[in-house]
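Readers should treat all values here as calculations from the given coordinates under stated rules, not as data from a laboratory. The structure displayed is predicted, hence computed values, not measured ones. Using ideal geometry, Cβ is built from the backbone for each residue, glycine included, and neighbour counts are taken over all protein chains shown.
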């Protein structure tokens, strides 16, 4: 990895209900370094802690032990400085705000002047190609369009990092593939570091420069697989032998990962 | 790239269409009044049991000056009480949502006060503010309006989608920003529901408390006086005017609601 690290995770553990007999180890000894400008996917079965790891990086939940830095700071400081934008599985748009006003939210919260956040929001809507829907309300948009608004919102404060927690999980296959293409185009434009949680192997391979394969119970990093397919990737990329080869590699890594810790 | 709800043809949203939607309402009213008139005439119901609409209309026409000036002096405390009760309910709800530990005791106190019947409140307020004071009538209405506004607004301020809260957290929003940008708009639909309840409660509160003294130029006094005479056609005219007052306030609140929350799902169909 030539690029300097933007996120570094060292010996991070996360235990839910710690101390009780219902204690669940969600993350165990996670070590991970993410370079500036990478597109990283966290891939694994449900319950492998991939979303928890993302939420720890985003300072939405605290690790039980271990250290991590995000953009060279503690995660809390990175959140306070708005170094990252976040997209969730549901768009989570405020239904009382128009599309444009939803995209304005992060900079408005950050205390920017109105003309600044308005101009920036318009620029972001241009980026996700929803300019003509600026005045619409969320209920008037399809799920895919809502998610594009959520991406515009997450990017509107020019964050260094974009955290995405299964952002395309709620979409149908067609919309999903189209939005994957959109996302790569947007990433090509803004060049932020992306950490993308998914349980779809082909999605991870198509999007990422590196796939982090996780195993479940407890959540661990099982393998890191570089995806050296050249960008820009298009629909044609999905049909190349190299793509299939990578999908096969990742699938093998997933299946070789220890699934359950041997019970006594 | 489809956008559901954007493809409505202009014909379904214009003012003509709006007027058209009033037709069934008008028809229903006409049919109801017709049935009423026919039934009373046909079964020869005595006027003190149930006067015909025509008789009520005649009574209204005969006494229109008195009735209208009475309703005007009733409308004032109704409006004032509605505003006071709503503002009070909103303010206490804001305080409770900021300090949730208060919510238990405050809610209990509110229930207690709300249980006090009008027959108790009206003389007490007359005693406090003076029998002719606008405040003594408006106060009763305010107490009645306060309760639903407080309970519903509190709910709306606290019942936030966890995802929305998480988004605000990821944006490092301060508590004041969470209140202003998320909790308040989230509470608007709850508030308007309560205000709609409040309009009828305010009318009832003022009319009933008018029995307990004060200016004789008031709808409550007029209705009671005519019923005692007994001139029930005149009493009914007063009752219908007080109903119209409540309906008018209800309509005003609905208009305000449309203006303030055009995004709300209850209005989706119309723009579809």
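Quick one: order A:165, A:249 by neighbouring beta-carbon count within 10 Å, fewest to most.
Sorted ascending by nearby Cβ count, the order is A:249, A:165.
What fraction of the DSSP beta bridges in chain A is antiparallel, stated in percent and rounded to the nearest 5?
Here the antiparallel bridges make up roughly 50 percent for chain A.
How far is helix B:118-129 tilted, in degrees, relative to the longest principal axis of the Cα atoms in chain B, given as a value from 0 to 90 rounded to the nearest 10?
The angle comes out near 80 degrees.
Using the basic label-point model (7 angstrom from Cα toward the beta carbon), what is the residue A:77 to residue B:229 distance in nanometres?
Label at residue A:77, label at residue B:229, 8.4 nm between them.
Defining a contact as two alpha carbons under 8 Å apart and six or more residues distant in sequence, what relative contact order in percent does chain A show?
In percent, rounded to a whole number, it is 24.
Provide a whole-number value for the mean count of partner chain Cβ atoms within 10 Å of the Cβ atoms in peptide B:160-171.
Mean inter-chain Cβ contacts per residue within 10 Å come to 6.
Enter the mean number of other protein chain beta carbons within 10 Å of the beta carbon of each residue in A:139-148, as an integer.
3
Relative contact order of chain B: what whole-number percent is it, with Cα pairs under 8 angstrom and at least 6 residues apart?
Reported relative contact order: 27 percent.
Separation between the residue B:244 and residue B:19 pseudo-spin-labels, each 7 Å from Cα along Cα→Cβ, expressed in nm?
It is 2.2 nm.
Using Cα centres only, tell me the gap between region B:243-267 and region A:186-264 in whole Å.
53
Give me B:164, B:268 ranked fewest to most by other Cβ atoms within 10 Å of their Cβ, as a rough exposure proxy.
B:268, B:164
Quick one: helix A:143-155 against the long Cα principal axis of chain A, what's the angle to the nearest 10°, folded into 0 to 90?
Value to nearest ten degrees: 90.
Run the numbers for residue A:236 and residue A:24: contour at 0.36 nm per residue of separation, minus the present Cα-Cα distance, in nm.
Extra length available between residue A:236 and residue A:24 comes to 72.1 nm.
Rounded to the nearest 5, what is the percent of antiparallel bridges among the DSSP beta bridges in the protein assembly as shown?
50
On a C-alpha basis, how far is the centre of region B:65-88 from the centre of region B:90-169 in Å? Whole number, if you could?
Taking the Cα centre of each part, region B:65-88 and region B:90-169 sit 20 Å apart.
Hey, what number do you get for chain B at 222 nm if only DSSP H runs of n ≥ 4 count, each worth -39500 (n - 2.57), divided across all residues, to the nearest 500?
So the calculated ellipticity at 222 nm is -25500 deg cm²/dmol.
Measure nothing but the geometry: give the 0 to 90° angle between the long axis through the Cα atoms of B:232-260 and the longest principal axis through the Cα atoms of chain B, rounded to 10°.
Here the helix axis deviates by roughly 20 degrees.
Once fully extended, how much extra length lies between residue B:180 and residue B:112, figured as 0.36 nm per residue of separation less the alpha-carbon to alpha-carbon distance?
Full extension of this stretch gives 21.5 nm more.
Under a point spin-label approximation (7 Å from Cα along Cα-to-Cβ), what is the residue B:99-residue B:31 distance to one decimal in nm?
Going from the residue B:99 label point to the residue B:31 one covers 5.6 nm.
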